[in-house]
Amino acid sequence: IVAEPLVLSFLGEDFLYAVTTVSILSLMIPLKCIGDLICYQVMMCASQEVFLMKSYFITMVVNAINNFLLIPRFGAEGASVASVISEILAFGFVLFYSRRYFNLEGIRKIILKTELCTAVMACSILPIKYFQCSCFIKLALEGFLGVLVYIVACVLFKHEVLVKYAKLLKNKLKR
């Protein structure tokens, strides 16, 4: 949704062809965030660095093969698809193996609420694309409105993570 304003704002019209690549690569953001959290907070604490190195090596090989197959035909978009596939694979390895170290019960509910909040946020910023103003203003509006709507959606859906952090913040402010 924000790929075009990002590209226009930071790179200019000469790089509009990169919008598709940026859109594809944006799929990696949640996987990378959650995967790194699990990697560093669970797997490293459980002394599973060897497993991580093996899984990242396998992922690297898959990425190289996918790049070899996709780049000649699809260029930068092929490379970005290969990267997304590799990130999904790495995330799958880490999530599958780490389940023995922490309880995944209830995670589906949290993921569903996160997806719902994200969908509500995406729908709220979609119309901004059609505003007739500078890319910087569009980007600022999308960012502000997106954060605001996401937080409101999390409150309405009683997202457990937001509720937990709100309680922590409330306790800290009481001190």
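The values are calculated or read from the model by the stated rules, or taken from the named source; none is laboratory data. Everything numeric here is computed off the predicted structure, so don't read it as measured data. Cβ: placed from backbone, ideal geometry, glycine included. Neighbour counts: every protein chain shown. For the accessible areas, the whole protein counts, side chains as well, though only heavy atoms, and no ligand, DNA or RNA atoms are used. Shrake-Rupley method; radii C 1.70, N 1.55, O 1.52, S 1.80 Å.
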Task: Residue pairs meeting the criteria (Cβ under 7 Å; at least 6 apart or on separate chains; first closer than 10 Å to residue 146 by Cα, in segment 105-131; second of a type in the set (Val, Ile, Thr) and in a helix (DSSP H, G or I)) - done: 120/149; 121/149; 124/149
Task: Those residues of segment 120-143 which are within 15 Å of residue 9 (Cβ to Cβ), of a type in the set (Gly, Ala, Ser) and part of a helix (DSSP H, G or I), in sequence order - done: 140, 143
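Each row is one residue, and each column tells you yes or no for (1) aromatic (Phe, Trp, Tyr); (2) surrounded by 13 or more Cβ atoms within 10 Å (Cβ to Cβ); (3) within 18 Å of the chain's Cα centre (by Cα).
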{"site": "120", "(1), (2), (3)": "no, yes, yes"}
{"site": "123", "(1), (2), (3)": "no, no, yes"}
{"site": "130", "(1), (2), (3)": "yes, no, no"}
{"site": "136", "(1), (2), (3)": "yes, no, no"}
{"site": "143", "(1), (2), (3)": "no, yes, yes"}
{"site": "156", "(1), (2), (3)": "no, no, no"}
{"site": "159", "(1), (2), (3)": "no, yes, yes"}
{"site": "164", "(1), (2), (3)": "no, no, no"}
{"site": "170", "(1), (2), (3)": "no, no, no"}
Open item on the list: Please go through (1) among the charged types (D, E, K, R); (2) at pLDDT below 85; (3) over 24 Å from residue 19 (Cα atoms) for residue 158 and return the number of the only condition it doesn't satisfy.
Closed with: (2)
Task: Residues located in segment 61-100, provided they are among the hydrophobic types (A, V, I, L, M, F, W, C), under 20 Å from residue 51 (Cα atoms) and open to solvent by less than 50 Å² (accessible area, probe 1.4 Å) - done: 62, 90, 91, 94
